[in-house]
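The block underneath contains the structure these notes are about, expressed in structure tokens.
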Amino acid sequence: MKIPTPFLPVEVTSSGLTHKVDILGRSITFGANSLPASIVSQDTEILAAPVRLVGLENNQPIQWDDNYPDNESESFIQERNDRAATICGAMLSDMFIVNAAFKVNFDGCIEVDMKVMPRGRTVPEVFGLTKPRQLRFELNRLWLEIPLNPKVAKLFSFYPNSPVYLADGTVIDTSPTSSAGRLNDQNSAMPFKSLLWLGNDDLGIGWAAESDKNWQPEHDNRALEIIHQHNTVVLRVRLLDSQPIQWQQAAQPENGINAFQPIAFSFILQPTPVKTFPRQPYLHNALHLDCFVKIKGNYIDFLAQQDRYDRLKTMGVDTLILHEKWNKSQNAFELSEFTTRQLKEIVAQCHKRGIKVLTYFGYEISSLNTAWTEDAQDVMVTNKGKQTGGWYRVPFQRDYVVCYNTQWQDRFINGIEKIMDTYHTDGVYLDGTVSPRYCDNVAHGCGWHDANGNLKGTYPIKAVRRLFQRLAEVVHSRGGIINAHVYGLLNVTALPYIDMTWYGENLQFKYTKGEYDDMPLDYFRAEYCGRNVGVPVEFIAYENKPAWTFENAIAMAIIHGILPRPNDIEHPLEAIAPIWNIVKRFPIEQSQWMPYWKNNAMPSDERIKVSYYKYIDLTEKNILLAFAANTTKHSIENVTIDFGENTYTLDLLNADSYDSPETTFKPYGYKIWLAK
């Protein structure tokens with residue numbers, strides 16, 4: 001199978017018992033024990049020290065045997081090809097063996113399978129030729145520790161959302177922005193996370209796990225810890241804080257070693273960015289029709305009125321995203337007669353004007369779907385045995401969440417392929433599909449039972465990842481785009497196959513009501529800039545004047561190198577169209593992005609943040625496209641800005657002139673300058 005653009009074939013080089021795997025923009029070196037000793041991204045070392053397993057056996061610190069026998073490598077290449085390389089290895093202590101396999105895929109996803117078990121008797125011991133060792137079985141603790149470069153471990157994002165527990169006893173409660181931001185200076189702990197990312201504005205590393213199967217942390221709220229040590233930030237995974245329950249239940253030591261079956265742990269590591277961030281990150285000028293700002297009637301009729309197709313073209317729209325109502329039965333792949341006629345007409349009219357069309361697909365099965373009775377129970381997500389979702393919409397129907405660890409994945413891929421080929425659409429907008437939702441539906445293989453027989457759920461990360469791999473083959477081979485709505489998480493395992501994400505809906509619940517304080521800058525830097533993970537971002541903006549306007553959303557977005565997506569053919573489109581024009585005219589692909597946290601601009605008020613693109617012309621002069629925003633809900637007057645660059649004169653684009661060096665910023669207001 002061909003490796004998709006922009007990825008490259010996996011390369012492996014070995015030196016003794018160490019193996020280095022090179023992929024696009026990253027390299028991972030595995031030590032003699034097979035654990036990662038180095039992870040480099042963008043020429044920066046992510047690790048502060050090799051990844052390690054620490055613990056207690058018989059209440060004593062585990063000492064791993066580093067005296068590897070000649071010609072019996074404890075770290076070896078199990079398999080390699082252009083798409084992946086698998087490194088296997090073994091670790092030996094006085095009482096236990098750890099076997100590990102690390103599959104490094106061409107996109108940087110490192111799938112890890114790790115087993116721990118008591119060591120057995122040697123052949124001479126079995127035959128009585130040497131005195132047998134006394135077998136011991138007490139594994140009191142086993143932690144995986146990932147020591148991170150403190151210059152890298154600055155920001156975080158995790159899913160699912162939960163409180164964070166600090167060393168001084170403070171609890172950071174769950175909030176719309178608590179799942180991402182700046183790492184606290186204190187040691188912190190949290191419950192199990194399916195997805196966790198630690199990094200900075202440029203790079204980082206993702207952790208993913210489908211479940212906490214076989215984990216035994218002493219306290220559920222301390223399953224994961226972030227520990228600040230000297231020149232190191234340690235991500236600690238508390239796999240075991242006591243003897244595995246399976247071993248406690250299986251047998252007493254005198255019943256023999258075979259009663260103590262291996263305890264397995266599975267997880268994923270993924271260094272970021274997952275691919276090269278595009279030099280031109282504003283991939284399209286998209287209007288999202290009927291999202292939040294709802295329209296009456298059918299899309300075909302709405303667009304045919306008042307020359308609206310021509311208005312889209314005149315305002316600079318090059319991509320029309322159709323929301324859920326384009327299809328009578330939400331997320332169905334078999335289109336009704338009306339839907340067929342509507343889609344053909346919209347695509348024809350848009351293509352005539354050079355406008356692409358993306359169709360909505362979500363994460364649900366509708367009660368209007370003709371396959372409901374036959375398939376719904378098998379493909380739906382359940383939580384404690386109950387269906388989830390139930391979104392109500394018109395035509396009157398209810399929609400319930402599906403799991404992609406089912407035959408629905410095949411239907412999803414085949415359906416989108418057929419629609420693109422039949423109706424010549426230009427890709428897909430995916431609502432929530434990237435989220436690996438908690439599921440305990442054993443009917444299709446999700447869920448698991450712990451040692452006490454309790455049903456637990458899984459987060460089908462690998463199924464979602466596989467869905468996006470397959471979807472990218474379909475969409476990208478047809479020249480299409482994959483645009484995904486993301487809600488409060490960085491699913492780094494699927495991001496390699498997504499062209500652009502759409503973030504910010506969780507903020508809208510507060511901002512549309514006017515319930516906002518200062519702009520959550522660290523939150524934006526962790527999740528909304530895109531450069532640290534390698535995928536461009538658009539910002540979700542739902543207006544509710546006068547409490548919250550599209551212009552306020554522009555202020556939030558532009559200083560982070562992103563733009564909000566308009567969802568109304570009237571005012572929001574009118575507000576963003578001039579900025580689209582500016583971005584199109586400026587040589588962004590040949591420019592350097594200089595965000596407010598690392599440029600030379602000096603506003604007179606620290607509440608004003610300034611970011612800019614810097615282009616160096618043929619005379620060595622700096623030409624700036626500069627954005628400034630008021631990050632507060634208070635008006636700020638008499639602001640001056642020293643851009644700190646050898647530039648041409650700057651013209652203020654969204655005001656009469658910049659003749660006066662002083663300017664006023666409205667609450668959450670913005671201004672744009674261009675050197676002339």
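The values are calculated or read from the model by the stated rules, or taken from the named source; none is laboratory data. The shown structure was predicted, so the numbers you read here are calculated from the model rather than taken from an experiment. Reconstructed Cβ throughout: ideal geometry from the backbone, glycine too, with neighbour counts over all protein chains shown. Heads up: the accessible areas ignore ligands, DNA and RNA and are worked out on the full protein's heavy atoms, side chains in. Shrake-Rupley method; radii C 1.70, N 1.55, O 1.52, S 1.80 Å.
What to note about this one:
- Surface accessible to a 1.4 Å probe, V533 within the full protein complex, Å²: 10 Å²
- Residue-wise HN-Hα coupling along segment 44-49, computed from phi with Karplus coefficients 6.51, -1.76, 1.60 (Hz; x: Gly, Pro): 10, 6, 7, 8, 8, 6
- Partners of K614 within straight-line reach, counting aspartates and glutamates whose Cα lies under 12 Å from its Cα and excluding those fewer than 8 residues away in the same chain: E589, E645.
- Solvent-accessible surface of the chain, averaged per residue with a 1.4 angstrom probe and all protein chains in place: 42 square angstrom.
- Gyration tensor (alpha-carbon) shape descriptor, segment 388-446, a/c threshold 1.5: oblate
- Environment charge at Y516 (Cβ cut-off 9 Å; Lys +1, Arg +1, Asp -1, Glu -1): 0
- Per-residue ³J(HN,Hα) for segment 187-195, Karplus 6.51 cos²θ - 1.76 cosθ + 1.60, θ = phi - 60°, Hz, x for Gly and Pro: 5, 9, 9, 7, x, 3, 10, 6, 9
- 3J(HN,Hα) along segment 515-531: 8, 9, 10, 5, 4, x, 4, 5, 4, 4, 5, 6, 10, 10, 8, x, 5 Hz, from the Karplus curve 6.51 cos²θ - 1.76 cosθ + 1.60 with θ = phi - 60°, whole Hz, x for Gly and Pro.
- Taken as Cα centroids, segment 450-511 and segment 166-236 sit 21 Å apart, rounded to the nearest whole angstrom.
- Candidate values (i) 93, 63, 47; (ii) 101, 100, 76; (iii) 88, 69, 45, label of the one derived for Cα extents along the principal axes in Å: (i)
- In this structure, the amide hydrogen of E11, modeled 1.01 Å from its nitrogen in the peptide plane, lies closer than 5 angstrom to those of D22, counting only residues at least 5 positions away or on a different chain.
- In the assembled protein chains, K294 presents an accessible area of approximately 110 Å² (probe radius 1.4 Å).
- A straight chain from S635 to N81 at 0.36 nm per residue would run longer than the Cα-Cα distance by 193.5 nm.
- Net charge, L563 excluded, C-beta distance under 13 Å - Lys, Arg +1, Asp, Glu -1: 0
- Under-5 Å amide H pairs with I481, H placed in peptide plane, nonlocal only: G427, V428
- Candidate aspartates and glutamates - alpha carbon under 18 Å from K356, same-chain residues fewer than 8 apart omitted: D290, D307, D310, D318, E324, E345, E417, D421, D426, D499, E538, D568
- Each part gets one Cα centre, and for segment 95-149 versus segment 1-52 those centres are 22 Å apart.
- Gain upon complete extension [H571, F338; 0.36 nm per residue less C-alpha separation]: 80.9 nm
- Toward the positive end of the charge dipole of the chain, with +1 on the Cβ of Lys and Arg and -1 on the Cβ of Asp and Glu, the farthest Cα among G354, G389, S75 is that of G354.
- Net charge, Q60 excluded, C-beta distance under 13 Å - Lys, Arg +1, Asp, Glu -1: -1
- Placing R0 at 30 angstrom, the Cβ-Cβ distance between R222 and Q407 gives a FRET efficiency of 0.20 after rounding to 0.05.
- C-alpha center-to-center spacing [segment 424-446, segment 343-379] in angstrom: 14 Å
- Here the extension length gained between Q306 and D518 equals 72.3 nm, from 0.36 nm per residue of separation less the Cα-Cα distance.
- Scanning residues 5 or more positions from V357 or on other chains, those with amide H under 5 Å from its amide H are L320, D426, with H placed 1.01 Å from N in the peptide plane.
- Over 29 Å (Cα to Cα) - which of K275/K598; K2/K328; K20/K154; K294/K344; K418/K456; K151/K193 fall in this group: K2/K328; K418/K456
- Whole-percent carbon and sulfur share, accessible surface of segment 460-533, 1.4 Å: 46 percent
- Cβ-Cβ distance of K213 and D605, R₀ of 41 Å, FRET efficiency by 1/(1 + (r/R0)^6): the value works out to about 0.20.
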